[in-house]
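K.L.:
I have a structure here, written as structure tokens, and I will follow up with some questions on it.
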């Protein structure tokens with residue numbers, strides 16, 4: 001218990017200095033809320049496929065709600081919200097945000113650690129138990145998730161989001177460099193982060209409008225950041241009578257599901273397949289198209305053309321269809337040969353090779369005690385490491401709570 005409280009106090013100190021979830025209330029732009037609200041709607045409606053209409057009339061508890069900038073959108077959709085947040089400064093912001101943007105007034109704000117709430121009072125009282133970006137910063141993740149799951153009614157949903165072990169490898173490598181050069185000195189951490197990873201900070205600020213200091217404190221100053229893998233999360237679900245429903249980004253693997261009545265609740269296959277997805281997340285740079293191309297070989301183009309021709313030839317085949325069998329046979333022979341170049345050595349192998357070489361070079365530079373300027377010059381030459389998205393930093397999950 002002492003370690004749990006020590007980690008909490010360290011986290012609280014960091015996030016009292018710079019609140020990581022302040023996206024619009026501190027902005028002069030009147031449209032900043034609408035922009036953020038639209039992003040939240042798109043996440044739930046099109047990403048997690050839990051539409052805003054579902055929230056109307058539902059009771060919802062949010063553990064580690066922060067400034068309420070995310071939760072207020074759910075309230076605007078009709079949810080009656082209970083926000084639990086140990087940072088009193090952030091909770092005061094949340095109250096003001098709800099006062100300004102939520103039409104429903106009957107919300108509850110609790111200034112408390114998630115470990116200290118009255119579990120028996122709130123056990124199975126909520127249609128939705130919600131927590132995003134919180135459990136990665138606690139010392140007892142499994143215990144914290146058990147609390148989260150216990151708050152949802154049977155037949156309700158748990159919405160849980162956090163960073164990912166593999167998608168966050170690049171960020172952990174960034175932390176390795178920052179701590180080697182700056183130790184625990186916050187000002188030096190800020191300076192080292194700006195020196196080495198200013199491009200990454202630029203991209204983050206453009207994606208989610210918050211201060212550069214908030215980004216740095218959220219990624220590199222914060223001491224506790226233990227990111228779960230997909231397998232960890234599925235284990236959490238299994239241990240708490242929950243069934244995986246969906247995620248964004250998707251953890252679904254290529255070829256998941258084989259028929260209309262295939263049982264979707266095949267956690268063993270989901271864990272195995274998600275590991276491939278997590279490898280793509282680890283080296284993510286440019287986006288989704290890059291992920292598709294990574295699983296293809298250099299010769300995919302000609303193979304795709306012939307397969308498309310054959311598939312169209314065989315569409316709606318019936319007794320009156322005339323097909324040149326010799327030509328059809330030759331097409332399949334061609335595809336047999338082309339499939340080696342199309343899938344035999346996917347581009348993923350080349351990308352991983354480049355990534356691992358760059359990581360090796362990066363670690364060697366740190367070990368050789370090169371200056372920050374020298375390392376930055378090397379980083380500028382990299383193709384994948386710390387470029388673009390620099391991995392996947394957050395994954396949201398939905399799980400259904402079964403009845404007893």
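The values are calculated or read from the model by the stated rules, or taken from the named source; none is laboratory data. This is a predicted model, so every value here is computed, not measured. Cβ atoms come from the backbone with ideal geometry, glycine included; neighbour counts cover every protein chain shown.
K.L.:
Filter the range 1-53 down to the residues that are without any contact (Cβ under 8 Å) to a residue 24 or more places away in the chain and part of a loop (DSSP other than H, G, I, E, B), then identify the one that is surrounded by the fewest Cβ atoms within 10 Å (Cβ to Cβ).
P.N.:
28
K.L.:
Also, quick follow-up: I need the full set of residues from the range 142-172 which are closer than 21 Å to residue 217 by Cα and assigned to a helix (DSSP H, G or I), in order please.
P.N.:
The answer is 169, 170, 171, 172.
K.L.:
Could you check how many residues of the range 209-223 are outside any helix (DSSP H, G or I) and either surrounded by 16 or more Cβ atoms within 10 Å (Cβ to Cβ) or in contact with a strand residue (DSSP E or B) (Cβ under 9 Å, 6 or more places away or on another chain) (or both)? Quick ask: steps written out before the conclusion?
P.N.:
Restricting attention to the range 209-223, the residues satisfying the condition of being outside any helix (DSSP H, G or I) are 209-211, 222-223.
Imposing the further condition that a residue be either surrounded by 16 or more Cβ atoms within 10 Å (Cβ to Cβ) or in contact with a strand residue (DSSP E or B) (Cβ under 9 Å, 6 or more places away or on another chain) (or both) reduces the set to 209-210, 222.
Within the range 209-223, residues that are outside any helix (DSSP H, G or I) and either surrounded by 16 or more Cβ atoms within 10 Å (Cβ to Cβ) or in contact with a strand residue (DSSP E or B) (Cβ under 9 Å, 6 or more places away or on another chain) (or both) number 3.
K.L.:
Name the one entry in 363, 375, 384 that is in a loop (DSSP other than H, G, I, E, B), modelled with pLDDT of 95 or more and under 30 Å from residue 193 (Cβ atoms).
P.N.:
None of the other options fit; the residue is 384.
K.L.:
Another one. Scan the range 231-249 and tell me whether some residue there is part of a strand (DSSP E or B), closer than 25 Å to residue 44 by Cα and over 16 Å from the mean Cα position of the chain (by Cα). Explain how you work it out, then say what you get.
P.N.:
Applying the first criterion (part of a strand (DSSP E or B)) to the range 231-249 yields 242-248.
Add one more test, that the residue is closer than 25 Å to residue 44 by Cα, and what stays is 242-248.
Then drop every residue that is not over 16 Å from the mean Cα position of the chain (by Cα), which leaves 242-243.
Scanning the range 231-249, I find at least one residue that is part of a strand (DSSP E or B), closer than 25 Å to residue 44 by Cα and over 16 Å from the mean Cα position of the chain (by Cα), so the answer is yes.
K.L.:
What residue, among those in the range 54-68 that are in a loop (DSSP other than H, G, I, E, B) and in contact with a strand residue (DSSP E or B) (Cβ under 7 Å, 6 or more places away or on another chain), is nearest to residue 79 (Cα to Cα)? If you could, list the steps in order and put the result at the bottom.
P.N.:
Of the residues in the range 54-68, the ones in a loop (DSSP other than H, G, I, E, B) are 56-58, 64-68.
Then drop every residue that is not in contact with a strand residue (DSSP E or B) (Cβ under 7 Å, 6 or more places away or on another chain), which leaves 58, 64-66, 68.
Details: 58: 5, 64: 17, 65: 14, 66: 17, 68: 13 Å.
The selected residue is 58.
K.L.:
Are any of the residues in the range 130-140 within 18 Å of residue 403 (Cβ to Cβ), in contact (Cβ under 8 Å) with a residue 40 or more places away in the chain and assigned to a strand (DSSP E or B)?
P.N.:
No, because not a single residue in the range 130-140 is within 18 Å of residue 403 (Cβ to Cβ), in contact (Cβ under 8 Å) with a residue 40 or more places away in the chain and assigned to a strand (DSSP E or B).
K.L.:
Residues in the range 280-293 that are surrounded by 15 or more Cβ atoms within 10 Å (Cβ to Cβ) and modelled with pLDDT of 90 or more: how many?
P.N.:
Within the range 280-293, residues that are surrounded by 15 or more Cβ atoms within 10 Å (Cβ to Cβ) and modelled with pLDDT of 90 or more number 8.
K.L.:
So, one more: Cβ-Cβ under 6 Å, sequence separation 6+ or interchain: first residue in the range 257-269 and within 15 Å of residue 244 (Cα to Cα), partner not in a loop (DSSP other than H, G, I, E, B). Which pairs?
P.N.:
What qualifies is 265/243; 267/234.
K.L.:
Conditions first: (1) at pLDDT 95 or above; (2) surrounded by 15 or more Cβ atoms within 10 Å (Cβ to Cβ). Residue 342 passes all but one, so which condition is the exception?
P.N.:
If we test residue 342 against (1) at pLDDT 95 or above; (2) surrounded by 15 or more Cβ atoms within 10 Å (Cβ to Cβ), just (1) comes out false.
K.L.:
Against the definition (touching a strand residue (DSSP E or B) at 6+ places or on another chain (Cβ under 7 Å) and within 22 Å of residue 168 (Cα to Cα)), how does residue 135 come out, yes or no?
P.N.:
Values: touching a strand residue (DSSP E or B) at 6+ places or on another chain (Cβ under 7 Å): yes; within 22 Å of residue 168 (Cα to Cα): yes.
The answer is yes for residue 135.
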